[in-house]
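Here the structure is laid out as structure tokens; the discussion comes afterwards.
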Amino acid sequence: MEHFQGSCHCGRVRLSLRDTPVEATACNCSICRRTSGLWHYCSPAHVEVTGVGVAYRQGDRALDLWHCPACGCTTHWTPTDPAYPRMGVNLRMFEPALWRDLPRRLVDGAGEA
Ligand SMILES: [Zn+2]
């Protein structure tokens with residue numbers, strides 16, 4: 001399996017993805033519409049994060065959204081429950097060739113539909 005390398009703009013937070021994305025998820029919830037994250041969901045076992053990010057925990061949400069303290073890029077999210085088997089990687093931290101042409105899946109996190 002190929003490893004894809006991504007990073008925030010300044011390179012302090014790096015992501016190594018051992019997984020091939022087949023779709024890119026966009027969400028309209030209050031935080032995703034601000035960060036404009038484009039998500040790949042996968043097992044935490046398939047992602048290696050190096051560097052020290054800052055976690056933001058949104059109110060009642062069971063996840064931490066991570067960003068670089070220097071350049072501010074949103075890099076990934078992790079579940080607050082370590083037993084939860086999914087996390088999200090922001091595909092925008094990777095070369096566009098990896099995600100530009102993937103089908104988009106729209107998640108209605110805001111409940112507008
Ligand atoms: Zn950075």
Single unsatisfied condition, HIS46 versus (1) closer than 11 Å to LEU91 by Cα; (2) away from the ligand (no atom under 12 Å from the Cβ):
(1)
Apart from one, (1) closer than 29 Å to GLU112 by Cα; (2) within 16 Å of the ligand (Cβ to nearest atom); (3) at pLDDT 95 or above all hold for THR35; the odd one out is (3)
Qualifying positions in segment 1-21 - at pLDDT 95 or above, hydrophobic (A, V, I, L, M, F, W, C) and under 19 Å from SER43 (Cβ atoms)
PHE4, LEU15, LEU17
When you check ASN28 against the structure, is it of a type in the set (S, T, N, Q), touching a residue at least 40 places away in the same chain (Cβ under 8 Å) and within 14 Å of the ligand (Cβ to nearest atom), yes or no?
no
Filter segment 1-30 down to the residues that are within 18 Å of CYS71 (Cα to Cα), part of a loop (DSSP other than H, G, I, E, B) and not basic (Lys, Arg) and list them by number.
CYS8, HIS9, CYS10, GLY11, VAL13
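The values are calculated or read from the model by the stated rules, or taken from the named source; none is laboratory data. Predicted, not measured: the structure shown is a model, and the values here were computed from it. Note that we place each Cβ from the backbone using ideal geometry, even for glycine, and neighbour counts take in every protein chain shown.
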